[in-house]
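First comes the structure, then the notes that go with it.
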């Protein structure tokens, strides 16, 4: 089995993890969940994080042939379209943007002020992925894992002994992703998390966020299934689905809505193509 090299790049404004997954044997890579920078005081977008990612990719000598999204993000705007255009220029070929094939449900589940016509996202999403579909990054075999809960169309990417799980299981001291957004379902989130925890203990879990709770100042890019079974505050051993849903609902009541959820949801839906 070919082992991937995974680089974690932390975006501190939205506490988001972005990843570069590479097959170093072929120098082929994919970018996962890239973030477009947002300046809160000026309410403007910039490309510093995306540009630094491109610079790193060029320095290492990688060629990106795919950009992967785990879901449509309500708390930040994706840099996928920007990166697609920029990489097409520097590489001479266009890396397709991949996202779960159920993503069109998000438009219908939103209770925000926008309605999303199909034309708006058709041009940005190049390749809808079906649940359990298998594709390649170089010689790496990637399996699409359906992980609904935080959002109805959410997927993860299993690559050997690694799973990039987006907003499902977070680091143990954070628990699990919020489940109070349009289309969220705590019961489905529980089932998705249990699916991840059914993997062997040595499998690495790469989350979509790290909110740096009190007592910890450094973001953590990955933990193992074994770590999560022992330490995850929301998924303690023996917890039932009913207990989890009740606990998740109580935790979500403490959270403010993401700053970007309504003003930027449309732009995120178009994967940064604005």
(message) Among the residues in the stretch 50-69, are any buried (at least 20 other Cβ atoms within 10 Å of the Cβ), within 12 Å of the chain's Cα centre (by Cα), on the phi > 0 side of the Ramachandran plot and part of a loop (DSSP other than H, G, I, E, B)?
(response) no
(message) I need the full set of residues from the stretch 75-92 which are surrounded by 20 or more Cβ atoms within 10 Å (Cβ to Cβ) and out of contact with any helix residue (DSSP H, G or I) (no Cβ under 6 Å at 6 or more places or on another chain), in order please.
(response) 75, 76, 80, 81, 84, 87
(request) Determine whether the stretch 40-47 contains at least one residue that is in contact with a helix residue (DSSP H, G or I) (Cβ under 7 Å, 6 or more places away or on another chain) and modelled with pLDDT of 95 or more. (result) no
(request) Would you check which residues across the stretch 163-199 are in contact (Cβ under 8 Å) with a residue 12 or more places away in the chain and under 20 Å from residue 134 (Cα atoms) and list them? (result) 163, 164, 165, 166, 192, 195, 196, 199
(message) It is to be established whether one or more residues within the stretch 122-132 are assigned to a strand (DSSP E or B), at pLDDT below 95 and touching a strand residue (DSSP E or B) at 6+ places or on another chain (Cβ under 6 Å).
(response) yes
(message) Yes or no: the stretch 54-65 includes at least one residue that is touching a helix residue (DSSP H, G or I) at 6+ places or on another chain (Cβ under 9 Å), free of Cβ contacts under 8 Å to residues at least 60 places away in the same chain and within 27 Å of residue 131 (Cα to Cα).
(response) yes
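The values are calculated or read from the model by the stated rules, or taken from the named source; none is laboratory data. All of these numbers come straight from a predicted model, not from anything done at the bench. In this analysis, Cβ positions are derived from the backbone assuming ideal geometry, glycine residues included, and neighbour counts consider all displayed protein chains.
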